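Q: Mind having a look at this structure? Questions to follow.
The values are calculated or read from the model by the stated rules, or taken from the named source; none is laboratory data. Fair warning: this is a prediction, and the values are worked out from it, not measured in the lab. Reconstructed Cβ throughout: ideal geometry from the backbone, glycine too, with neighbour counts over all protein chains shown. Just so you know, the surface numbers come from the protein's heavy atoms only, side chains and all, with ligands and any DNA or RNA stripped out. Shrake-Rupley method; radii C 1.70, N 1.55, O 1.52, S 1.80 Å.
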Amino acid sequence: MKPVAERLTPQPWMSAPETVAVIAALTARGGTARFVGGCVRDSVLRRPVKDVDIATSDVPETVLDLLTAAGLEVAPTGLAHGTVTAISGGLPFEITTLRRDVATDGRRATVAFTDDWAADAARRDFTLNALYLDPDGTLYDPTGGLPDLRAGRVRFVGDPASRIQEDYLRILRFFRIYAHYGKPPPDAAALAACQQHAAGLAQLSAERVAHELLRILGAADPAAVLELTARTGVLARIVPEAANLDRLGALARCDGADPSPLRRLAAVAHGGPDDMAALANRLKLSNKDRDRLVALAVPALITTTADPITRRALLYRSGRESFADSVYLRWAADELDNAAGWQALLTEAAHWRKPMLPVGGEDALAAGVPRGPEVGHALQAVEDLWIASDFLAGRGELLAELWQIGRAFGGRSASGD
Ligand code: ATP
Ligand code: MG
């Protein structure tokens, strides 16, 4: 494979000791290792690099050997597909042997290892994802990905329809990569193929669908991309609930500096708490994400004119994240576009530190509240007072309150048993 004339100025992640150690290990016996995929794509665009993928002509057993010999920790993550993960300085590096796909079923491939870099490029999804980079900055572009990347053209390597039928995940990867790297108009052949083969999405696991969907939602203009997925019949097959593209668009105009895919999912999906729970279960989201999605179905009634006590009470009761979720959803619905007012609420939330209720269960017991659920009830009553005081009521005041509650139980006096 011939390099292109252009070289990449070596980036900090390339000379980081963690990276250098992995490359040194892989090349110790004369093998060739090149960076590939997202890290090259993002470096060309001078975007921050998240994870580093490496391609090598050595077979996986040799890769395991070389890494172990260098004292690096390895996880044989996808050995059958030629992928080994090296952990270097705590960071993961995915190392994949050059390969071609010899049989595919729409979900996974049977692979054959090769030493042919062009064959490896041909099995990758998009031209801008098939860029290779030597550790010294030499670039290889076997499929014309560099000009595509710069022009924002997300193009399949080869015939889009065939590539999609090999692996239907590529439909979602197309929209995801387009969302983050594409410039309109999207590639017409790709869109047509996504539309034609959308039924194949049914073969994918919920986890993979959710992963791609959330990454699409994290993009700068998710509504425009979801609009494309709707037009091609893709959206209806993965989230039929996602009917509210206008609301998503409005939210993305507010939360661009602090985008949250889950919050955006709640904005675009139509429905109440039960619908959100069902959606979360279908997408196999974590319990934590499901709870957040359910809470997002009914955002708190916060306004920019709410008085400070109400604001802080809500912050205390819902927590910083849930408070911000409510603010963003209310802001997105605010036709007055009162950006400064909403932003002030978010800033307040970001600086807020949760105060500690200055009394506890022991205090309730000492005040004569009987052991058991009454303790919780008493503390709740006292907490309500404390919140209503804007957290100003002190320990003495709250203790007095607890003693009053204790006296109602009649059992104990201030001197104890
Ligand atoms: P990011 O790491 O930011 O998600 P990435 O492009 O590196 O982006 P990975 O999932 O890490 O994505 O995949 C690494 C590379 O492997 C891709 O750039 C692409 O070349 C190739 N690849 C990944 N998934 C597929 C697929 N389903 N079909 C074909 N090639 C793929
Ligand atoms: Mg990657």
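Q: Just need the relative contact order of region 159-301 here, percent rounded to a whole number, with Cα pairs under 8 Å and 6+ apart.
A: For region 159-301, the relative contact order is 22 percent.
Q: Sticking with this one: Quick check: convex hull over the Cα atoms of region 230-281, volume per residue in Å³, rounded to an integer? Intermediate results must be reported in sequence, preceding the final value.
A: Numbers: hull volume 4.2 nm³, N = 52.
Cα-based convex hull of region 230-281, divided per residue, equals 81 Å³.
Q: Report the label-to-label distance for Asp274 and Gln343 in nanometres (one decimal), using points 7 Å from each Cα along the Cα→Cβ vector.
A: Once both label points are built, they end up 4.2 nm from each other.
Q: OK, next. So with the 1.4 Å probe, I'd like the accessible area per residue for region 1-90, rounded to whole Å².
A: Values: 4310 Å² over 90 residues.
Using a 1.4 Å probe on heavy atoms only, each residue of region 1-90 averages 48 Å².
Q: Suppose R0 equals 45 Å. What FRET efficiency, 1/(1 + (r/R0)^6) with r the Cβ-Cβ distance, do Ala75 and Trp352 give to the nearest 0.05?
A: Details: r = 40 Å, r/R0 = 0.89.
That pair, Ala75 with Trp352, gives E of 0.65.
Q: So if R0 is 56 Å, what FRET efficiency would Leu336 and Phe409 give, r being the distance between their Cβ atoms, rounded to the nearest 0.05? Kindly include the intermediate steps, with their values, before the conclusion.
A: Numbers: r = 51 Å, r/R0 = 0.92.
Once rounded, the FRET efficiency stands at 0.60.
Q: Tell me the net charge near Phe174. Cut-off is 9 Å between Cβ atoms, Phe174 excluded, with +1 for each Lys or Arg and -1 for each Asp or Glu. Please list the in-between numbers first.
A: Details: positive: Arg170, Arg173, Arg176; negative: Asp125, Asp187.
Taking every other residue near Phe174 into account, the sum is +1.
Q: Add -39500 (n - 2.57) for each DSSP H run of 4 or more in the chain, then divide by its residues: what number comes out at 222 nm, to the nearest 500 deg cm²/dmol? Walk me through the numbers on the way to the answer.
A: Numbers: 22 runs with 213 residues, N = 417.
Taken over the chain, the calculation gives -15000 deg cm²/dmol.
Q: Any idea how far the Cα center of region 354-412 sits from the one of region 165-190, in Å?
A: Value for the Cα centre distance between the two parts: 58 Å.
Q: Give me the angle, in degrees from 0 to 90, between the Cα long axis of helix 373-388 and the longest principal axis of the Cα atoms of the chain, rounded to the nearest 10.
A: It is inclined by approximately 90 degrees.
Q: Where does region 361-408 land on the Kirkwood hydrodynamic radius, alpha-carbon pairs, in angstrom? Present the calculation step by step, with values, prior to reporting the outcome.
A: Values: mean 1/r = 0.0959 Å⁻¹.
When all Cα pairs of region 361-408 are included, the Kirkwood radius is 10.4 Å.
Q: From the mean inverse distance of alpha carbon pairs (Kirkwood) and the Cα radius of gyration, derive Rg over Rh for the chain. The partial results should precede the final answer.
A: Details: Rg = 27.8 Å, Rh = 25.1 Å.
Ratio value, two decimals: 1.11.
Q: Related question: In whole angstrom, how long is each semi-axis of the equivalent ellipsoid of region 299-351, when you take the square root of 5 times every eigenvalue of its Cα gyration tensor and sort them from largest down? Mind dumping the intermediate values first?
A: Numbers: eigenvalues 53, 24, 20 Å².
They are 16, 11, 10 Å, listed largest first.
Q: Same structure, new question: Where does helix 308-318 land angle-wise versus the long Cα axis of the chain, in degrees 0 to 90, nearest 10?
A: 60 degrees
Q: If you add up the charges near Ala109, with Lys and Arg at +1 and Asp and Glu at -1, over every other residue whose beta carbon is less than 15 angstrom from its beta carbon, what do you get?
A: +4
Q: Further question on the same structure: Using the reciprocal of the averaged 1/r over all distinct C-alpha pairs, how large is the Kirkwood radius of region 4-156 in Å? Write down the numbers at each step before the final one.
A: Values: mean 1/r = 0.0639 Å⁻¹.
Mean inverse Cα-Cα distance, inverted, gives 15.6 Å.
Q: Per residue, what accessible area does region 180-222 have, given a 1.4 Å probe and all protein chains present, in Å²?
A: Dividing the accessible area of region 180-222 by its residue count gives 46 Å².
Q: Follow-up. What accessible area per residue comes out for region 269-407, rounded to a whole number of Å², with a 1.4 Å probe? All intermediate terms of the calculation are to be shown ahead of the outcome.
A: Numbers: 7600 Å² over 139 residues.
With the other protein chains kept in place, region 269-407 gives 55 Å² per residue.
Q: Any chance you could give the angle, 0 to 90 degrees and rounded to 10, that helix 17-27 forms with the longest Cα principal axis of the chain?
A: Computed tilt is about 30 degrees.
Q: Next question, about the same structure. Leaving out ligands, DNA and RNA, what percent of the accessible area of region 29-100 is carbon and sulfur, probe 1.4 Å?
A: On the way: 1600 of 3090 Å².
C and S fraction of accessible area: 52 percent.
Q: At a 1.4 Å probe radius, carbon and sulfur cover how many percent of the accessible area of region 160-316? Please list the in-between numbers first.
A: Working: 3610 of 6790 Å².
The value for region 160-316 is 53 percent carbon and sulfur by accessible area.
Q: Summing Lys, Arg as +1 and Asp, Glu as -1, what charge do residues with Cβ under 9 Å from the Cβ of Glu212 carry, Glu212 excluded? Present the calculation step by step, with values, prior to reporting the outcome.
A: Details: positive: Arg173, Arg176, Arg208, Arg215; negative: none.
In short, +4.
Q: Quickly work out the Arg150-to-Asn281 label distance, labels modelled 7 Å from Cα along the C-beta direction, and quote it in nm with one decimal.
A: The answer from the label model is 5.2 nm.
Q: Here's another thing I want to ask about it. Toward the positive end of the charge dipole of the chain, about the Cα centre and with charges on Cβ (Lys, Arg +1; Asp, Glu -1), which of Ala179, Val154, Pro222 goes farthest?
A: Farthest towards the positive end: Val154.
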